[in-house]
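Please read the structure below before turning to the comments.
The values are calculated or read from the model by the stated rules, or taken from the named source; none is laboratory data. Keep in mind the model is a prediction, meaning the values are calculated, not measured. Because the Cβ atoms are built from the backbone with ideal geometry, glycine has one as well, and the counts that use them run over all protein chains shown. With ligands, DNA and RNA removed, areas are computed over all heavy atoms of the protein, side chains included. Shrake-Rupley method; radii C 1.70, N 1.55, O 1.52, S 1.80 Å.
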Amino acid sequence: MAGARVETFLARMRMRSHRGRTALRKSAVDYFRGDASDWLAFVGLLLTVPAIACGTIMLPVWFSPAALVLPIVAGGLLLRPASLLALYAASAAALIVEAVVLGPYTQGPARVTPGTVLVVAACGFFGLLIAQFRSRVGVPWRRGGTMLFDLRERIRVQSKLPALPRGWHREMALRPAGGQSFSGDFVVAARTNGGRTLEIVLTDVSGKGMEAGSRALLLSGAFGGLLGALPPHGFLPAANGYLLRQDWDEGFATSIHLVLDLNTGDYELLSAGHLPALQLCAGTGRWQEKSGEGPLLGVYDGAEFTPARGNLRRGDVLMLFTDGLVETADREISEGIDRLTGEADRYVSAGWEGAAWHLIEKVAKDVNDDRALLLIRRSP
């Protein structure tokens, strides 16, 4: 009977230990996902405060009083404002204990000096600002980078061009301003009419970089939903109405809508204040501007958009781009277009593989603006 009671007791202890480990692991996972309280991090950081204070008192050469900034900085990144204030109180108490035990700072090094107090207080102040910002936004720091990465990937996926049938080649390159990850230029594309028609919309949102990135994300989702759900001539009016309803202070955008028949090569271009497209005619080797007529998106209601029509014969190339590729403060758009077509001529004989990326590198590598370039080629 005694052996059975011992075995039962050990089994209960193992079960409790297993439950405790599971609960601790679950709390840690939830915390780093941003779904749980910060008690685990708070307890861990709170325990480091007396540990650092003891180290400073016992080994002042190895443990400086300023080492208390370590849990304070970590707390600013991990804790909520209420927990952070409790950690600050513990750190202040540790500084007082260190000052009393080590003696006045005039008696030698490794003492609590006014400079130490100022450094710890400054770190605490900035940590509290960071914690309050995270609390107001509602996104923990540990999830902020993941969220931004997810948003960037969503824009990239939405801008992916669909596969084309044999005899067609497409390329696209996007380059945000200042080397950032978010751009005010975006592309949405779809194959409609049973896969026979390719529809591509290239949009340039007002602003650049991070300033326009959030609006570009919203508009790319909305435009992607409209594309293919409406007749081609109804897309830009619907996009214009959507933009007007947002009532943004800086809410206009330019856009160009390509509707291409993949069987015949016939196409329509509808433009909303966008730069013209460029078509390379393989027979003559010359570039022609192709542009529809229409106002900027988000300016006024009831706007009308008149298409331009053309045909891509075998060997022809159609190029769509945004103004960041051809316009700078010291260069007019016409000069930028001439330079772009001059560089593009180099790829006529060499083939167009990778041409979009290289053209941005050659023409607008150091331009502080969002740049986008899209190429559609019909194979000879």
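Would you say Glu353 is farther than 29 Å from Leu262 by Cβ and out of contact with any Leu (no Cβ under 7 Å at 6 or more places or on another chain)?
no
Identify the residue in the stretch 285-330 that is out of contact with any strand residue (DSSP E or B) (no Cβ under 7 Å at 6 or more places or on another chain) and of a type in the set (A, V, I, L, M) and, among all such residues, is farthest from Ala372 (Cα to Cα).
My answer is Ala303.
Of these, Ala229, Ala222, Ala253, Ala277, which one is in contact with a strand residue (DSSP E or B) (Cβ under 6 Å, 6 or more places away or on another chain), more than 30 Å from Ser349 (Cα to Cα) and either open to solvent by less than 20 Å² (accessible area, probe 1.4 Å) or at pLDDT below 90 (or both)?
Answer to the selection: Ala253.
Out of the residues in the stretch 288-329 meeting the condition of being touching a Cys at 6+ places or on another chain (Cβ under 8 Å) and not basic (Lys, Arg), tell me which one is most open to solvent (accessible area, probe 1.4 Å). Walk me through it before giving the result.
Going residue by residue through the stretch 288-329, those that are touching a Cys at 6+ places or on another chain (Cβ under 8 Å) are 288, 313, 316.
Among the residues that remain, those that are also not basic (Lys, Arg) are: 288, 316.
Values: Gln288: 80, Asp316: 4 Å².
Once the filter is applied, the top-ranked residue is Gln288.
Please tell me if Ser214 is within 18 Å of Ala190 (Cα to Cα) and either touching a residue at least 12 places away in the same chain (Cβ under 8 Å) or in a helix (DSSP H, G or I) (or both).
On the way: within 18 Å of Ala190 (Cα to Cα): no; either touching a residue at least 12 places away in the same chain (Cβ under 8 Å) or in a helix (DSSP H, G or I) (or both): yes.
Judged against the criteria, Ser214 is not a match.
For (1) aliphatic (A, V, I, L, M); (2) open to solvent by less than 30 Å² (accessible area, probe 1.4 Å); (3) modelled with pLDDT of 80 or more, each residue gets a yes or a no:
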{"position": "Glu335", "(1), (2), (3)": "no, no, yes"}
{"position": "Arg339", "(1), (2), (3)": "no, no, yes"}
{"position": "Ala344", "(1), (2), (3)": "yes, yes, yes"}
{"position": "Ala350", "(1), (2), (3)": "yes, no, no"}
{"position": "Val367", "(1), (2), (3)": "yes, yes, no"}
{"position": "Ala372", "(1), (2), (3)": "yes, yes, yes"}
{"position": "Ile376", "(1), (2), (3)": "yes, yes, yes"}
{"position": "Pro380", "(1), (2), (3)": "no, no, yes"}
